[in-house]
Amino acid sequence: MPTEPLLTAEDLHLSFGSTPALDSASVEVHAGEILALMGPSGSGKSTLLHCLAGILTPDSGRVTYAGRDLTALHDNERSALRRSEFGFVFQFGQLVPELTCLENVALPLRLGGASRRAALRSAEAWLERLEVSDVADKRPGQASGGQGQRVAVARALVTRPKVVFADEPTGALDSLNGERVMELFVAAARDTGAAVVLVTHEPRVAAYSDHEAVVRDGRVRAREYVR
Amino acid sequence: MSIGHALLGLLEGGPRHGYDLKRSYDERFGQDRPLAYGQVYSTLARLLKNGLVEVESEPGAGPERKKYAITDAGVSDVGGWLARPEKPEPYLQSTLYTKVVLALLTGHDANDVLDTQRSAHLRLMRDLTRRKAGGDLADQLICDHALFHLEADLRWLELTAARLQQLAAQVRA
Ligand SMILES: Nc1ncnc2c1ncn2[C@@H]1O[C@H](COP(=O)(O)OP(=O)(O)OP(=O)(O)O)[C@@H](O)[C@H]1O
Ligand SMILES: [Mg+2]
């Protein structure tokens, strides 16, 4: 690929106690691309994702985002960067149970300093785009799994992040619901130009990506360019 | 795929010319593999010989001027075909398995074989996924059928990757 990668992990090592989770893992993410991280359970996919997102700090190695070394930033700088540049979708549990779905989507904008009115207006538009306007006033616990994931996608994209990190975003859904979530997610990410790092063990979900990287034993084995 | 049965089934809607039948087959089932005219006429000739269709003659010569109609025997033949299950394909003679074993025997990296195959499978799955997104319900169902089969292959690849050391020990023993 001709362009500089937006996000790079170089030679990451990370152990939890005596368990090595990453063993010289390297990967590149380019702006606007959808990269699937595949590989067996326990191979280090989630750990790699968390390092790329600056949630975990590797024991050694470097994570670079837009020319900045994430591992060298202070904690508060790193969280500020995460809030403004990154979005997150996990398998479940990322929505605040006490807030309505609409307020959940508006929350990242409020944290970024937007007015309540503007945040809610924008959140409404995102819920509509993900086809879940009908749960706007419900709490996440009152929405179905598929609806909850769409709300989570809306929340991840509402700040127009440069990178969305998704860890098994459809893991708890049946295939029809999972596919719809992926369709809407991928279309919205492409529209906003966000890159997506997508952890999945389901090939049909990985088929929504542009490329795949396969993680095995804490290392990235293959990365194919097919564009 | 039994083209004869498919053509017969299409004729249940009413008599048709051969070229009309071909077009209708291609629209519904042809997708990547439209029928050749020769195939249509040879199939119709066989059905005619077996009494499953009859020709409604029209003035003029040539097979393309003939209109074909399904007979009662043809109708019950379609019924019988629909009622019989298709033989599940066991795929026991897998080229992939053979390649993996031979890679291990000849000292090649079997992981490379698996990785290369995975990426080829995923590439096709991406194409099908894209086609599905732009297609109607028929496209979606046809693509999904292919996608689920490819996914099954990929699951096998992952399982084999996880058992490669074990397999290597057995193969080389
Ligand atoms: N917080 C933790 N404490 C201790 N060990 C951990 C922790 N998180 C991960 N591990 C270990 O690190 C290794 C990699 O885990 P990771 O969660 O990255 O795998 P994964 O590829 O995401 O697996 P899965 O597909 O099952 O989610 C595993 O051996 C796991 O047990
Ligand atoms: Mg994981």
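The values are calculated or read from the model by the stated rules, or taken from the named source; none is laboratory data. Note that the coordinates shown come from a computational prediction; the quantities given were computed from them, not determined experimentally. Methodologically, a virtual Cβ is constructed for each residue, glycine included, from the backbone with ideal geometry; neighbour enumeration extends over all protein chains shown. When the accessible area is computed, the model is the full protein with side chains, heavy atoms only, and any ligands, DNA or RNA have been set aside. Shrake-Rupley method; radii C 1.70, N 1.55, O 1.52, S 1.80 Å.
Answer yes or no as to whether A:Ala207 is within 8 Å of chain B (Cβ to nearest Cβ), within 20 Å of B:Leu154 (Cα to Cα) and touching an Asp or Glu at 6+ places or on another chain (Cβ under 9 Å). It is true that A:Ala207 is within 8 Å of chain B (Cβ to nearest Cβ), within 20 Å of B:Leu154 (Cα to Cα) and touching an Asp or Glu at 6+ places or on another chain (Cβ under 9 Å).
Conditions (1) within 9 Å of chain A (Cβ to nearest Cβ); (2) at pLDDT 90 or above, marked per residue:
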residue: B:Ala73; (1), (2): no, yes
residue: B:Ser76; (1), (2): no, yes
residue: B:Ala83; (1), (2): no, no
residue: B:Arg123; (1), (2): yes, yes
residue: B:Cys143; (1), (2): no, yes
residue: B:Leu154; (1), (2): yes, yes
residue: B:Thr160; (1), (2): no, yes
residue: B:Leu167; (1), (2): no, yes
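Note on the range A:190-204: residues that are more than 13 Å from ligand 1 (Cβ to nearest atom) and of a type in the set (A, V, I, L, M) amount to 3.
Determine if the range A:101-115 includes at least one residue that is open to solvent by less than 40 Å² (accessible area, probe 1.4 Å) and either within 14 Å of chain B (Cβ to nearest Cβ) or within 16 Å of ligand 1 (Cβ to nearest atom) (or both). Write out each step before concluding.
Going through the range A:101-115, the residues open to solvent by less than 40 Å² (accessible area, probe 1.4 Å) turn out to be A:101-102, A:104-106, A:108-109, A:114.
Going one step further and asking which of them are either within 14 Å of chain B (Cβ to nearest Cβ) or within 16 Å of ligand 1 (Cβ to nearest atom) (or both), we end up with none.
No, every residue in the range A:101-115 fails to be open to solvent by less than 40 Å² (accessible area, probe 1.4 Å) and either within 14 Å of chain B (Cβ to nearest Cβ) or within 16 Å of ligand 1 (Cβ to nearest atom) (or both).
Considering the range B:103-119, and only residues there that are more than 9 Å from chain A (Cβ to nearest Cβ) and under 23 Å from A:Gly39 (Cβ atoms), the residue that is surrounded by the fewest Cβ atoms within 10 Å (Cβ to Cβ) turns out to be B:Asp109. Has the range A:44-55 got at least one residue that is within 14 Å of chain B (Cβ to nearest Cβ) and within 16 Å of ligand 2 (Cβ to nearest atom)? Yes, the range A:44-55 contains at least one residue that is within 14 Å of chain B (Cβ to nearest Cβ) and within 16 Å of ligand 2 (Cβ to nearest atom).
Residues A:Ala36, A:Ala25, A:Ala31, A:Ala80: which one is more than 15 Å from ligand 1 (Cβ to nearest atom) and surrounded by 14 or more Cβ atoms within 10 Å (Cβ to Cβ)? Break it down stepwise before answering.
Details: A:Ala36 fails: more than 15 Å from ligand 1 (Cβ to nearest atom); A:Ala25 fails: more than 15 Å from ligand 1 (Cβ to nearest atom); A:Ala80 fails: surrounded by 14 or more Cβ atoms within 10 Å (Cβ to Cβ).
Answer to the selection: A:Ala31.
In the set A:Pro169, A:Pro161, only one residue is crowded, with 24+ Cβ neighbours inside 10 Å and more than 14 Å from chain B (Cβ to nearest Cβ); that residue is A:Pro169. Just one residue in the set B:Val100, B:Val75 is within 30 Å of B:Gln117 (Cβ to Cβ) and either touching an Asp or Glu at 6+ places or on another chain (Cβ under 7 Å) or open to solvent by less than 90 Å² (accessible area, probe 1.4 Å) (or both); that residue is B:Val100. Quick one: is A:Leu12 within 16 Å of ligand 1 (Cβ to nearest atom) and not in a helix (DSSP H, G or I)? Yes. Enumerate the helices (runs of 4 or more DSSP H) found wholly within the range A:92-187, keeping only those where 1 or more residues are farther than 28 Å from A:Leu37 by Cβ. Output list reads A:101-111, A:116-129.
Taking the stated definitions as given, is A:Glu179 touching a residue at least 12 places away in the same chain (Cβ under 8 Å), of a type outside the set (A, V, I, L, M) and surrounded by fewer than 21 Cβ atoms within 10 Å (Cβ to Cβ)? Before you say what the answer is, go through the steps one by one.
On the way: touching a residue at least 12 places away in the same chain (Cβ under 8 Å): yes; of a type outside the set (A, V, I, L, M): yes; surrounded by fewer than 21 Cβ atoms within 10 Å (Cβ to Cβ): no.
Judged against the criteria, A:Glu179 is not a match.
Only one residue in A:Glu183, A:Glu202, A:Glu131 is within 16 Å of ligand 2 (Cβ to nearest atom), closer than 30 Å to B:Glu151 by Cβ and out of contact with any helix residue (DSSP H, G or I) (no Cβ under 6 Å at 6 or more places or on another chain), so which one is that?
Values: A:Glu183 fails: within 16 Å of ligand 2 (Cβ to nearest atom); A:Glu131 fails: within 16 Å of ligand 2 (Cβ to nearest atom).
So the residue among A:Glu183, A:Glu202, A:Glu131 that is within 16 Å of ligand 2 (Cβ to nearest atom), closer than 30 Å to B:Glu151 by Cβ and out of contact with any helix residue (DSSP H, G or I) (no Cβ under 6 Å at 6 or more places or on another chain) is A:Glu202.
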